Structure formats: C-alpha cells, structure tokens
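Everything on this sheet refers to the single structure shown next.
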Amino acid sequence: MLSHCGDRGAYAAYFGEGTKLTVLDPNIKVTEPTVKVLAPSAKECEDRNKKKKKTLVCVATRFYPDHVTVFWQVNNVNRTEGAGTDNRALWDKDGLYSITSRLRVPANEWHKPENRFTCSVSFYNGTDNIYVNDTISGDLQGQTGGEITTDYYVKSTQTAKLAYSIFIAKSTFYGLVVMVMIWKFQGSSEKQI
C-alpha cells in the first residue's frame with residue numbers, strides 16, 4: 001500500500017508473504033478496540049421459523065493501529081463456518097479504525113438461550129497481542145432487545161382469547177346453575193304454603 005502526502009495514520013509495507021511493516025503516526029495514541037456483538041435484527045427475527053439463518057454482527061471500533069484479527073466462538077469453540085469479516089479495517093476522521101464481522105447461524109441454534117456467541121478481536125498493542133471480547137446469549141422467544149415479534153404476539157393473543165373464552169363459558173354455566181337452584185327453591189317454598 002502506498003501512502004500519499006496528506007494521508008495520516010499507519011502506513012504498511014509488505015515484504016513477501018506474511019511480513020508486514022507498519023509505520024505509526026506519532027500523533028495518534030495506540031488504542032485498543034471497543035467490541036460489541038449485535039443480535040439479529042428484529043426484521044430477521046419476525047418469524048422465527050420462516051428464516052433458517054440468523055445473522056450476528058460484531059463491531060470493533062476506535063482502535064489504532066489496524067493490527068486486528070476477528071474470530072467467532074460458539075460456546076467457547078471457534079467457529080469459521082458462516083463467519084465473514086471485512087477485508088480491512090476502515091479509517092475514520094480521527095485516525096482510528098473500525099471493522100465489522102458477521103456470523104450466520106442456524107435459527108434453531110440462535111433460539112437456544114444456553115448458547116453463547118462470542119466475538120473476539122485480537123489486537124497488537126505494540127508489544128503483545130491482547131484479546132477484547134463481547135458475548136451474547138441465544139434468544140428463546142425470538143425476541144431481540146425486548147421487541148415483540150409477530151409470531152410471539154399472535155401466540156400470546158390466541159392464549160389470551162382461549163383463557164377469556166373459558167372464563168365466559170364457566171361464568172355462564174355458574175349462572176345457569178344458580179338460576180336452576182333459585183327456581184327449584186321458589187317452587188318448593190310455594191308447595192309448603
């Protein structure tokens with residue numbers, strides 16, 4: 001990669017395969033990333049059975065330099081299938097970088113709350129590789145961030161309708177039993193006079 005006058009940040013030069021030399025900007029402090037895992041969108045989760053895959057997004061932001069590797073784990077086991085990471089980190093106006101990674105998982109795997117999805121970002125701080133992680137758990141209800149999905153709403157309202165119908169039927173039956181008892185009571189008291 002060639003740098004142009006007026007560019008700022010870290011400039012990389014490549015020497016053969018796997019060797020990368022980076023010249024750091026002395027005016028920008030080495031900064032480790034902030035990592036956040038985002039659950040599948042509400043739109044993707046509207047019908048938990050309709051879409052067979054769910055997409056988790058990992059966002060690593062505000063780091064310098066751009067020496068990062070992003071990887072995913074599901075229940076502490078590395079996962080490469082369904083994972084995709086940006087080819088390179090994006091440089092913002094402050095001279096810091098950000099990168100995103102996505103993990104597509106089967107819907108039935110996402111809808112198990114015991115499953116833990118971790119995005120881990122390996123960052124070279126100038127002396128050591130450090131790991132910055134964020135983890136979220138699967139979602140049983142098909143809800144994301146407290147939003148009610150269509151499927152959940154329909155099931156809830158059907159349950160409420162059934163409970164209300166049973167309450168009305170029970171009340172009607174109770175009313176009929178009371179009416180019959182009153183009628184019999186009145187009939188037996190008239191015969192005694």
Checklist (1) at pLDDT 90 or above; (2) assigned to a loop (DSSP other than H, G, I, E, B) applied to VAL35, failing item: (2)
GLY95 assigned to a strand (DSSP E or B) and among the small types (Gly, Ala, Ser): no
Lone qualifier among GLU109, GLU114 - being modelled with pLDDT of 90 or more and part of a helix (DSSP H, G or I): GLU109
All positions within segment 59-91 that are assigned to a strand (DSSP E or B) and in contact with an Asp or Glu (Cβ under 7 Å, 6 or more places away or on another chain): PHE63
Index of the failed condition, THR61 passing every other in (1) modelled with pLDDT of 90 or more; (2) outside the structural domain of ASN125 (by TED's automatic domain parsing): (2)
Residue tally, condition over 18 Å from VAL59 (Cβ atoms) and out of contact with any helix residue (DSSP H, G or I) (no Cβ under 9 Å at 6 or more places or on another chain), over segment 72-91: 6
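Table: residues versus (1) over 30 Å from ARG116 (Cβ atoms); (2) at pLDDT 85 or above; (3) surrounded by fewer than 10 Cβ atoms within 10 Å (Cβ to Cβ).
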site: THR135; (1), (2), (3): no, yes, no
site: LYS155; (1), (2), (3): no, no, no
site: LEU162; (1), (2), (3): yes, no, no
site: PHE167; (1), (2), (3): yes, no, no
site: LYS170; (1), (2), (3): yes, yes, no
site: MET179; (1), (2), (3): yes, yes, no
site: LYS184; (1), (2), (3): yes, no, no
site: SER189; (1), (2), (3): yes, no, yes
site: GLN192; (1), (2), (3): yes, no, yes
Some residue of segment 96-116 being farther than 19 Å from LYS29 by Cβ, among the hydroxyl-bearing types (Ser, Thr, Tyr) and in contact with a Lys or Arg (Cβ under 6 Å, 6 or more places away or on another chain): no
When residues of segment 61-89 are limited to those that are under 30 Å from VAL23 (Cβ atoms) and among the polar types (S, T, N, Q), the one surrounded by the fewest Cβ atoms within 10 Å (Cβ to Cβ): ASN87
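The values are calculated or read from the model by the stated rules, or taken from the named source; none is laboratory data. This is a predicted model, so every value here is computed, not measured. Note that each Cβ is placed from the backbone with ideal geometry, even for glycine, and that neighbours are counted across all protein chains shown.
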